[in-house]
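> Below is a structure I'd like to ask you about.
FYI, it's all coordinate maths here, none of it is from the lab. Worth saying up front: this structure is predicted, and the values here are computed from it rather than measured. Positions of Cβ are backbone-derived with ideal geometry, glycine not excepted, and every protein chain shown enters the neighbour counts.
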Amino acid sequence: MGALVGLTGAIIGGLAVARSVCRIGNGNVRHGAIVALVLGPVGLVIGALVVATADGGLGTGNGLAGGVVAIMVGLIGGALGGLALARSRRTA
């Protein structure tokens, strides 16, 4: 779940950075950036909770690897959202 939320944030952030967010809302870059800034950290927090509550190590079926992936993808989504928001403010 956390990896999916983080991945969605990363994809929307990448689209916002590429200025291809015409598929999201009315094409405003800031909307995509804000969505990425919300979804990225949410995925990061969910991934951190999974990692914190995992009983075993990698390969035990407790979702530890998925939690680590969710953390990484959430960080990427948040960073892309922040970059897109900074670029939209600079051009506005």
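> Using only alpha carbons, build the gyration tensor for the chain and give me the equivalent ellipsoid semi-axes, biggest first, whole Å. It would help to have the intermediate numbers written out before the result.
Values: eigenvalues 178, 21, 14 Å².
The three semi-axes for the chain are 30, 10, 8 Å.
> Which ordering of Leu44, Leu83 is given by a fewest-first count of other beta-carbon atoms within 10 Å?
Details: Leu44 23, Leu83 16.
Going from least to most buried by this count: Leu83, Leu44.
> If you don't mind, another one. Order by neighbour count: Val73, Val38, Val50, fewest other Cβ atoms within 10 Å first, most last. Intermediate results must be reported in sequence, preceding the final value.
Working: Val73 25, Val38 16, Val50 22.
The fewest-first ordering by Cβ neighbours comes to Val38, Val50, Val73.
> Relative contact order of the chain, please, whole-number percent, based on alpha carbon pairs below 8 angstrom and at least 6 residues apart.
Working: 196 pairs, mean separation 38.9, N = 92.
With pairs under 8 Å counted, the relative contact order is 42 percent.
> Please report Arg89, Arg30 as a ranked list, fewest other C-beta atoms within 10 angstrom at the top and most at the bottom.
Working: Arg89 11, Arg30 16.
Fewest to most other Cβ atoms nearby, the residues stand as Arg89, Arg30.
> So if we plug the beta-carbon distance of Thr53 and His31 into 1/(1 + (r/R0)^6) with R0 = 25 Å, what FRET efficiency do we get, rounded to 0.05? Spell out each step's value before the answer.
On the way: r = 34 Å, r/R0 = 1.34.
The formula returns an efficiency of 0.15 here.
> Restricting to DSSP H runs of at least four residues, report the calculated mean residue ellipticity at 222 nm for the chain, -39500 (n - 2.57) per run over all residues, nearest 500 deg cm²/dmol.
Details: 3 runs with 69 residues, N = 92.
Estimated from H runs of four or more residues: -26500 deg cm²/dmol.
> With θ set to phi - 60°, apply the Karplus curve 6.51 cos²θ - 1.76 cosθ + 1.60 along the stretch 9-14 and write out the HN-Hα couplings as whole Hz, x wherever there is a Gly or Pro.
x, 5, 5, 5, x, x
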